[in-house]
There are 2 protein chains.
Amino acid sequence: MTTFVLATRNAHKVRELRRILEGANLPIELLTLDDFPDVDEVKETGLTFEANALLKARTIADVTGVSAIADDSGLSIDVLGGMPGILSARWSGRHGDDAANLALVLDQLSDVDDPYRKAAFVCAAAAARPDGSDIVVHGEVRGNLTKVPRGTGGFGYDPIFVPDGETRTTAEMSAEEKDAISHRGKAFRLLAVQLDRI
Amino acid sequence: MTTFVLATRNAHKVRELRRILEGANLPIELLTLDDFPDVDEVKETGLTFEANALLKARTIADVTGVSAIADDSGLSIDVLGGMPGILSARWSGRHGDDAANLALVLDQLSDVDDPYRKAAFVCAAAAARPDGSDIVVHGEVRGNLTKVPRGTGGFGYDPIFVPDGETRTTAEMSAEEKDAISHRGKAFRLLAVQLDRI
């Protein structure tokens, strides 16, 4: 049984990562940053999803002395040159304000019609051990953006994202349906099978 | 003496284009859309500066029967994947709200320090004749973004843009100093010497 700490205080992410990693039936125990109340969340100063995921996993492993798992993820919109990207959670300037971030994207794309509303949810998932070894993997799902939010599941930009081959937004899917195709599901299933190699 | 109509109702742009084109001492007379009160501004539905400049010049030449000159320009920020780009004037979702657009960019880059605050002002300048011929040219100036607005000249993102080799923002320069190095100055001087070839 190996113990890992999830390097986030985002309750939505903790729930989603727990679900995906526990679904992988690994001999691991998961802590969260709530188990280390004195440890601050890591500032995401990297310029890529991969850099930020590694930065968070490495910093939390060093500070806590416990192996750490982290992700950095976001929405990459083709016609916005790949943005909001690493700034997805603070796109409106208000960190973590999902409603404001989503509303801004819809406003920015108000004159943009299909087929130019293509986007991808992207996730980098990282793990780091206190002894210095680490790993980072990538997952993504492509799709299209709706003009009006639909659904109450998920979080972030889920209410406007329809994966390719689907008619529903990821906010209209059950948690299990979303995990099966999502960027975070793909990345963390890939990470899970490699956790014993780092 | 050839007559051209400037395909914009943006008073800042009209003033800047008049200044640059009249400085070129060409045998041309300049009208504006104010001389055609029934003609609507053209919706910028293109995906590039060049496409939008050509779209506006072509549409206004066709509608008015007078040769038309247009520009599309904006701020291309490296770490934002080239955005706000063609969405510069509506980045906050509020078209033409310079203060809101500039504030949003500063918020989005609040965690981004030098040397990652590089950007370019980009301009596509186009001219079109009613008979169907047209031309489009490109101008740009590279620089860095400040963390706090400085200066009261210019418009748009001028208060946060310091051209390479300068210490002042383009909002701290005189109109003539700005025109000499600006994206719009470069593009329209290039266009001016080719107006008799289309």
| Dipole of the stretch A:2-197 (Lys/Arg Cβ +1, Asp/Glu Cβ -1, origin at the Cα centre): which of A:T2, A:A126, A:G139 lies farthest to the positive side? | A:G139
| Nm distances between copies for A:Q194, ranked from closest, using label points 7 Å along Cα→Cβ | 4.8
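Rounded to the nearest 100 Å², what is the buried accessible area between A and B, both sides summed, probe 1.4 Å? Present the calculation step by step, with values, prior to reporting the outcome.
On the way: alone 9270 and 9290 Å², together 16960 Å².
Looking at A and B, the buried total is near 1600 Å².
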| task | Give me the angle, in degrees from 0 to 90, between the Cα long axis of helix A:183-192 and the longest principal axis of the Cα atoms of chain A, rounded to the nearest 10. | result | 20 degrees
| task | Any chance you could run the full-extension gain for B:E22 through B:A103? It's 0.36 nm times the residue separation minus the Cα-Cα distance, nm to one decimal. | result | 25.8 nm
| At a probe size of 1.4 Å, how large is the accessible area of B:T59, to the nearest 10 Å²? | 50 Å²
| task | Pop a pseudo-label 7 angstrom from the Cα along the beta-carbon direction at both B:K118 and B:L47 and give the gap in nm to one decimal. | result | 2.6 nm
| query | So how tilted is helix A:49-64 from the main axis of chain A? Cα-based, degrees 0 to 90, rounded to 10. | reply | 30 degrees
| query | In nm, one decimal, shortest first: how far is the label point of A:H12 (7 Å from Cα along Cα to beta carbon) from the matching points in the other copies? | reply | 3.4
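About its Cα centre, how strong a charge dipole does chain B have in debye, to the nearest 20, once Lys and Arg get +1 and Asp and Glu get -1 at the Cβ?
160 debye
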| query | In nm, one decimal, shortest first: how far is the label point of A:L47 (7 Å from Cα along Cα to beta carbon) from the matching points in the other copies? | reply | 2.5
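Report, as an integer, the average count of C-beta atoms from other chains found within 10 Å of each Cβ along A:71-84. Don't skip to the answer; put the middle values down first.
On the way: counts 0, 0, 0, 0, 0, 1, 2, 1, 5, 7, 10, 4, 9, 4.
Counting other chains' Cβ atoms within 10 Å and averaging over A:71-84 gives 3.
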| field | Angle between chain B longest axis and helix B:11-23 axis [Cα atoms, degrees, rounded to 10] | value | 70 degrees
| said: Once neighbouring chains are kept in place and the probe is 1.4 Å, which whole percent of the accessible area of the stretch B:2-197 is contributed by carbon and sulfur? | reply: 51 percent
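Please find the FRET efficiency linking A:E166 to A:H95, where r is the Cβ-Cβ separation and R0 is fixed at 22 Å, and quote it to the nearest 0.05. Display every interim value, and only then the final one.
On the way: r = 29 Å, r/R0 = 1.33.
For A:E166 and A:H95, the calculated efficiency is 0.15.
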| For chain B, what relative contact order do you get, as a whole percent, if you take Cα pairs closer than 8 Å and at least 6 residues apart? | 19 percent
| remark: the stretch A:57-135 and the stretch B:123-147 have their Cα centres apart by a whole-number Å value of 33 Å
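As a quick test, which of the pairs A:K118/A:K147; A:K56/B:K118; B:K13/B:K186; B:K13/B:K178 have an alpha carbon distance above 18 angstrom in this structure?
On the way: A:K118/A:K147 12 Å; A:K56/B:K118 25 Å; B:K13/B:K186 15 Å; B:K13/B:K178 13 Å.
Violating the 18 Å Cα-Cα cut-off are A:K56/B:K118.
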| Among chain B residues, which Cβ is nearest the axis of the B-onto-A rotation, and at how many Å? | B:G81, 2
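The values are calculated or read from the model by the stated rules, or taken from the named source; none is laboratory data. Fair warning: this is a prediction, and the values are worked out from it, not measured in the lab. Neighbour counts run over all protein chains shown; Cβ positions are idealised from the backbone, glycine included. Accessible surface is based on the protein model in full, side chains and every heavy atom, while ligands, DNA and RNA are left aside. Shrake-Rupley method; radii C 1.70, N 1.55, O 1.52, S 1.80 Å.
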